[in-house]
Amino acid sequence: MYDIAIIGAGIIGASVAYELSRYRLKILWLEKENDVSLGATRANSAIVHAGYDPPAGSRMARLNVEGTRLMPALCEAVDAHYKNTGSLVLAFDERDRSTLRSLKEQGDANGVPGLQVLNREETLAREPALNPDIVGSLYAPSAGIILPWELTLGLAEVAVREGVDLRLRQELQTIRYEADHWKLETQNETYQARRVINAAGQGAEKIHRQATEPAFHLLPTRGEYYLLDKAVDPQVSHVLFQCPGPLGKGILVTPTIHGNTLIGPNAELIEDGEDTSTTYAGLAEVAQKARRSVPNLRFGENIRHFSGVRANREVDDFYIAMHDKGFLDLAAIKSPGLSAAPAIALYARELLEADGLEVQPREGWNGRRKVRRFAERSPEDKAAMVDANPAFGRVICRCQTITEGEILEAIRSPIPPVSIDAIKRRTGAGLGRCQGGFCGPRVLEILSRELGVDPAEILQDKDGSYIVLGDNRPEVRI
Amino acid sequence: MKELICIVCPRGCHLKVDENDDYKVTGHRCARGVLYGYQEMTAPTRVVTSTVVLENAGEERCPVRTSQAVPKAKMFEVIDIVRKLKISAPVSLGQVLVPDIAGSGADLIATRSFSGTGN
Amino acid sequence: MKTQQYDLVVIGGGPAGMAAAVSAYDQGVRSIVILERDKQLGGILNQCIHNGFGLHHFKEELSGPEYAERYIKDVRARDIEVRLESMVLDLNSERIIQLVSPSHGFELIEAKAVILAMGSRERARGGIGTPGTRPAGVLTAGAAQRYVNLEGQRVGENIVILGSGDIGLIMARRLSLEGCKVHACVEIMSEPGGLARNIVQCLQDFDIPLLLSHTVTRIEGKKRIEAVHIAKVDMQMRPIPGTERRVACDTLLLSVGLIPENELSRAAGVELDNRTKGPQVFENLQTSVPGVFACGNVLHIHDLVDHVSDESARAGRAAAAYLSKQTDTAGGDLIALEAGRGLRYTVPQRLHLRPDLEKLDIFFRVTHTAEEQKIIVESGGKQIALFRRVHVAPGEMEKITLPAKVLAEIQPGAKLSLRLEAAL
Ligand SMILES: Cc1cc2nc3c(=O)[nH]c(=O)nc-3n(C[C@H](O)[C@H](O)[C@H](O)COP(=O)(O)OP(=O)(O)OC[C@H]3O[C@@H](n4cnc5c(N)ncnc54)[C@H](O)[C@@H]3O)c2cc1C
Ligand SMILES: Cc1cc2nc3c(=O)[nH]c(=O)nc-3n(C[C@H](O)[C@H](O)[C@H](O)COP(=O)(O)OP(=O)(O)OC[C@H]3O[C@@H](n4cnc5c(N)ncnc54)[C@H](O)[C@@H]3O)c2cc1C
Ligand code: SF4
């Protein structure tokens, strides 16, 4: 019998698992995919929003601003990248300018630090590649960027190391309350837990409806992106938003942790919450609108398109609620869900405590994690790393300079990777301009060797995404 | 009149071959084109390249080819033999692996050397 | 941190790097090292097991590994140091190189001269922007070539190839011989990208349809690719509504072009050419950074390895001359070359017109296929040379050589321009 079962291993499940791993609790964590961070958390804008967007005084505003405040220290603790870039909301006309003023008022009321309305010249001085037609901007110094899957992995690895029982490839199919506990059935296992935390992203509504009365309705909303090569001009250094207006929320242009330029997302209501395809129409819309902010963007330098699906709902809010019998919904965690995640985890613990959960700190809890990244080390460190282990001298991903040593460490990490993309999320191999064209076959070889399985069993990503079919001369092998 | 692209060299001349005039070739830029045009119409041939399973070299495959062009009709027959072959290092470039493969008159040769040091 | 010194460092041990090192050695340079990140010399040739290499150079039709092995022998026959599994991480304009290898660890090398010979990379899916899902089974033709030829793995059974570059064509045949069904080769342009001979012996021999003026408009399949949607395109290369059809497949190979590997060129501050995506070079293949030379696919994409070897031998000689201070690249008049009508680019992009320049090799590519053409070379509005071609195509690199007496007619200060014109 578990004290708590967490359903879903996105940023929300991971933040909660991390937070609760501090206490003497027996925690089960179910995820239907073969790795953590395969839902909305892997395909989004990766922005830590300052917090002027949510309505003043709302819970979403509080969680956003607090999450953003906690973010740098949390990233530091689990050795995930965080960059405090600041953001600019761009105004193109008088109406936009008045929007800036109301955003600033709202942000001030929400407790967002340091908001400042800039005039045209001040804005262009910060970001020379901008459209010269802009008339001003709202500068938010607390905004930043992260690598969402990296933070999720960091939190999850600590949680697992600290005893959380993560079960991958376990899809919760039915959930029922029996006498004094929840009975959780996956495709092949049955578990029991006293309390349940529903952090299942697009799957949350289905789980909620089995556990209690209908209370919210998800409206999967897809957003498409371009990812441009690094070191290509024009480069931007802040997160650049457009003013929300009658035509929607606008398209953002932002640097990424790795120095690429990310452009998107549009918003399209779709049926299937897992349909992350891209479309001609969507990409064209993104490109056209983004040029309004930065006219000279070079879409010819695109290295990847992708899309993510927001778990939006019928109203502009998260659905966070503690129900009877210890069932906690952390659902409809739409944007700014990444930013709010650290605060949502603390809030979830408070709700559980209020529901009667006893939390006693565990001795020796260690909330930190360290990853060795060859490319980021000094020349002296690099030399020492290779001296100690020659595998660090073998560069596998040439674009991001990821070594075999790092890949081997990832394979031995608390949540062992089973796919090439899982290696990518852990090390960065394959994130560069050739998108795994060069390192993919090499990573496959290492994975197959280290896991002792046939290359045909190595996956690109989710289960079923096999890469090769096996030996092309099976009849002559013994 | 049949139009062909000469494949003897990468210039890829656009040949015209007249079946009714004793396979007279035009459009070539060198004499090899004339021969190719005639052969392609009467008895086409191809060099076959592939790999064979390799042991004891630390590599999976040894590249191979036919020492000269084989009749096009024999291409798959050659490949069937190649696909069943397994060799062991050391191998040297040019080494004959199968003489007169599929009765084509060409030998199957290794196109790379491997010293037998691998596992 | 130990810093080692060499007169000449060659980055990349493919055909370009090997030929450059050999010729520099033969010109008397003795302190040479080739740095190669792979476990062996030979570069991309190791996986190009098909024949079609060496016709110009050796007057024989060799496969890639055979061609490579001849050069490897040449390298080994000389006192040229070769460092394998040695990846160059950085190169700066002072020619200081950061290098890492499992055997020697992390090192710094100071070079008097550097030859860039890092080859190229394949354009990936992002570069062409095909929408749809992002499943497994979509890979570059070169990655497939590596799986099949070096690792002996099957990449799929039902194949569609996007792009008619040579690697894609070669793989169409290779996979057909391995028992796969290749359903189509889809090319957005109205003419194929690869060599005519490869259309014949890789597609036609196996009855594989070549769909010109077509493209893949959508990729389908959540985990492994399940189908592609193929449509005809109009003159602006936009898909024509209503022409779309679905072709079931489990593999999509991309053969949509190579791009010079320019990471280190950029790091060294070398000026790049927007059209070739490689460095801009002078007639002696020196880049904008003194003492840094470039050759092979890192400079511009070649379709024939024979040209790579020739060009690289020139780079080796030029580096040797630079080292013995024979060449004062700053001397002579600086002349810009201009790729005029019908030409996509020229290599070199500029030259120092020195009296001792004996001849000038100019490589270029044309913009479209044409028969019966002349290449007109002009300086200051005056035609100084004329070359004829029966057939030109964008997929086939062209080369002309200007002899000394033509060079003497170049006007100082004027552009040297090349253009294509129908020879009536
Ligand atoms: C296009 C887009 C842009 C965004 N941009 C930003 C941004 O810039 N800044 C920001 O702060 N936020 C942003 N967000 C929001 C942010 O990405 C999300 O709020 C956050 O990722 C949600 O995390 P999650 O853990 O709730 O959901 P998910 O990451 O979707 O995780 C849910 C997990 O539950 C699993 N699951 C589902 N059903 C079951 C089941 N039955 N059994 C077991 N497991 C199950 C899924 O496989 C998945 O792993 C954006 C979102 C999108 C889509
Ligand atoms: C699939 C394919 C088929 C072809 N078919 C033919 C044909 O039929 N006939 C023909 O004549 N030509 C053919 N060619 C063309 C010819 O093979 C190439 O033009 C030639 O190989 C290019 O040589 P290179 O030395 O410039 O590059 P490569 O062969 O790519 O060599 C570059 C080398 O540099 C190394 N390197 C790169 N970066 C670093 C670094 N940072 N540190 C250390 N080392 C590094 C690489 O590992 C590699 O070994 C083909 C090419 C391809 C790709
Ligand atoms: S005719 Fe001669 S030049 Fe023309 S393609 Fe054939 S072999 Fe080459």
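The values are calculated or read from the model by the stated rules, or taken from the named source; none is laboratory data. Owing to the predicted nature of the structure, the values given are computational and were not obtained by experimental measurement. Quick reminder, even Gly has a Cβ in these numbers, built from the backbone with ideal geometry, and neighbours come from all protein chains shown. Ligands, DNA and RNA are excluded from the accessible area calculation, which covers all protein heavy atoms including side chains. Shrake-Rupley method; radii C 1.70, N 1.55, O 1.52, S 1.80 Å.
Solvent-accessible surface, computed for protein heavy atoms with a probe of 1.4 Å, shrinks by 40 Å² or more for the following residues of the range C:256-277 when the other protein chains are added to the isolated chain: C:263, C:266. For chain C, the Cβ-based charge dipole about the Cα centre amounts to some 720 debye (Lys, Arg positive; Asp, Glu negative; other atoms uncharged). Compared with its chain on its own, the range C:173-194 contains the following residues whose accessible area drops by 20 Å² or more in the full protein assembly (probe 1.4 Å; ligands, DNA and RNA excluded): C:174, C:177, C:178. Averaged per residue, the protein assembly as shown has 38 square angstrom of accessible surface, using a 1.4 angstrom probe with ligands and nucleic acids left out. Largest GNM mean-square fluctuation across C:389, C:123, C:37, computed for chain C with C-alpha springs under 10 Å, falls on C:389.
Can you pull the one-decimal nm distance between simple spin-label points at residue A:249 and residue B:68, each 7 Å off the Cα toward Cβ? Taking the two extended label points, one gets 7.2 nm. Report P(r) for the range C:124-256: all Cα-Cα distances, bin width 10 Å, range 0 to the bin holding the largest distance, values in whole percent. Histogram of Cα-Cα distances, whole percents per bin: 14, 48, 34, 4, 0.
Relative to one another, the C-alpha centroids of the range C:396-424 and the range A:298-335 are positioned 62 Å apart. Return the FRET efficiency for the residue pair residue C:419, residue C:358: r is the Cβ-Cβ distance, R0 is 22 Å, and the value is rounded to the nearest 0.05. The computed FRET efficiency comes out at 0.30. Taking only the alpha carbons of the protein assembly as shown, we obtain Rg and Dmax values of 30.9, 101 Å in that order. Near residue C:112, which lysines are there with a Cα under 29 Å away, not counting those fewer than 8 places off in the same chain? Result set, ordered by chain and number: A:382, C:2, C:39, C:73, C:277, C:325, C:359. A loss of 10 Å² or more of accessible area (1.4 Å probe, protein heavy atoms, ligands and nucleic acids excluded) relative to the isolated chain is seen in these residues of the range B:4-33: B:5, B:7, B:8, B:9, B:10, B:11, B:12, B:14, B:29, B:32. One chain, two ends: residue A:231 and residue A:376. Fully extended at 0.36 nm per residue, the span grows by 50.5 nm beyond their Cα-Cα distance. The helix-based estimate of mean residue ellipticity at 222 nm for chain A, built from -39,500 (n - 2.57) per DSSP H run of four or more residues and divided by its residue count, is -9500 deg cm²/dmol to the nearest 500. Within 10 Å of the Cβ of each residue in A:92-102, the mean number of Cβ atoms contributed by other protein chains is 0.
Find the percent of Cα-Cα distances in the range C:332-424 that exceed 23 Å, and round it to a whole number.
In whole percent, the share of Cα-Cα pairs in the range C:332-424 beyond 23 Å is 19.
As a fraction of the 1.4 Å probe accessible area of the range A:327-367, surface on carbon and sulfur atoms comes out at 43 percent. Using a 1.4 Å probe over the heavy atoms of the protein chains, calculate the carbon and sulfur portion of the accessible area of the range C:124-256 as a whole percent. C and S fraction of accessible area: 52 percent.
For the segment C:200-210, counting C-beta atoms of other chains within 10 Å of every residue's C-beta and taking the mean gives 2.
Comparing C:372, C:69, C:398 in a Gaussian network model of chain C where C-alpha atoms under 10 Å apart are linked, the largest mean-square fluctuation is found at C:372.
Placing unit charges on the Cβ atoms of the charged side chains and taking the dipole of the protein assembly as shown about its Cα centre, the candidate lying farthest along the positive direction among C:93, C:194, C:247 is C:93. For the range B:49-110, the dipole from Cβ point charges (+1 on Lys and Arg, -1 on Asp and Glu) about the Cα centre works out to 160 debye, to the nearest 20.
Rg over Rh for the range A:131-191 works out to 1.33, both radii taken from alpha-carbon positions and Rh defined as the Kirkwood radius. Measuring from label point to label point, each 7 Å out along Cα→Cβ, what is the residue C:56 to residue C:240 span in nm? If labels sit at residue C:56 and residue C:240, their model points lie 3.8 nm apart. The packing ranking, built from the mean of other Cβ atoms within 10 Å per residue, places the peptides A:279-291, C:12-24 in the order C:12-24, A:279-291, highest first.
Ranking C:257, C:208, A:460 by Cα position along the charge dipole of the protein assembly as shown, where only Lys, Arg, Asp and Glu carry charges on their C-beta atoms, puts C:257 farthest toward the positive end.
Buried surface between chains B and C: roughly 2900 Å² of accessible area, summed over both sides, computed with a 1.4 Å probe on protein heavy atoms only. Can you classify chain C as rounded, prolate or oblate using the Cα gyration tensor, where a ≥ b ≥ c are the square roots of its eigenvalues, rounded means a/c under 1.5, and otherwise it's prolate if a/b beats b/c and oblate if not? Taking the square roots of the gyration eigenvalues as a ≥ b ≥ c, chain C is oblate.
Ellipticity at 222 nm from helices only: DSSP H runs of n ≥ 4 in chain C, each -39500 (n - 2.57), divided by the residue count, give -5000 deg cm²/dmol.
Normalised by the number of residues in chain B, the mean separation of alpha-carbon contacts (under 8 Å, six or more apart) gives a relative contact order of 20 percent.
With solvent modelled as a 1.4 Å probe, how much accessible area in total do chains A and B shield from it at their shared surface, in Å² to the nearest 100?
800 Å²
Other protein chain C-beta atoms within 10 Å of residue C-beta, averaged over A:431-437: 6. Just the protein heavy atoms count here, and of the accessible area of the range B:49-110 at 1.4 Å, carbon and sulfur take up 50 percent. Suppose R0 equals 45 Å; then what is the FRET efficiency for residue C:370 and residue C:73 from their Cβ-Cβ distance, rounded to the nearest 0.05? With R0 = 45 Å, the Cβ-Cβ based efficiency is 0.65. Rounded to the nearest 20, the Cβ-based charge dipole of the protein assembly as shown about its Cα centre (Lys and Arg +1, Asp and Glu -1) stands at 760 debye.
Using a cutoff of 8 angstrom between alpha carbon atoms and counting only pairs six or more residues apart, the relative contact order for the range A:174-234 works out to 23 percent. Cα centroids of the range B:40-56 and the range B:64-94: 6 Å apart. Legend: residue pairs B:16/C:405; A:230/C:415; A:104/A:289; A:334/C:222; A:206/C:223, Cα-Cα distance threshold 27 Å; pairs beyond threshold, B:16/C:405; A:230/C:415.
Sorting the segments C:48-55, B:91-98, C:210-217 by their residues' average number of neighbouring beta-carbon atoms within 10 angstrom, most packed first, yields C:48-55, C:210-217, B:91-98. Taking a cut-off of 19 Å between Cα atoms, list the aspartates and glutamates near residue B:72, but don't count ones fewer than 8 places away on the same chain. Counting by Cα, and skipping residues close in sequence, residue B:72 has these aspartates and glutamates nearby: B:3, B:40, B:80, B:100, B:107, C:61, C:178, C:205, C:207. Put simply, chains C and A cover up around 4200 Å² of each other's accessible surface, both sides summed, when a 1.4 Å probe is used.
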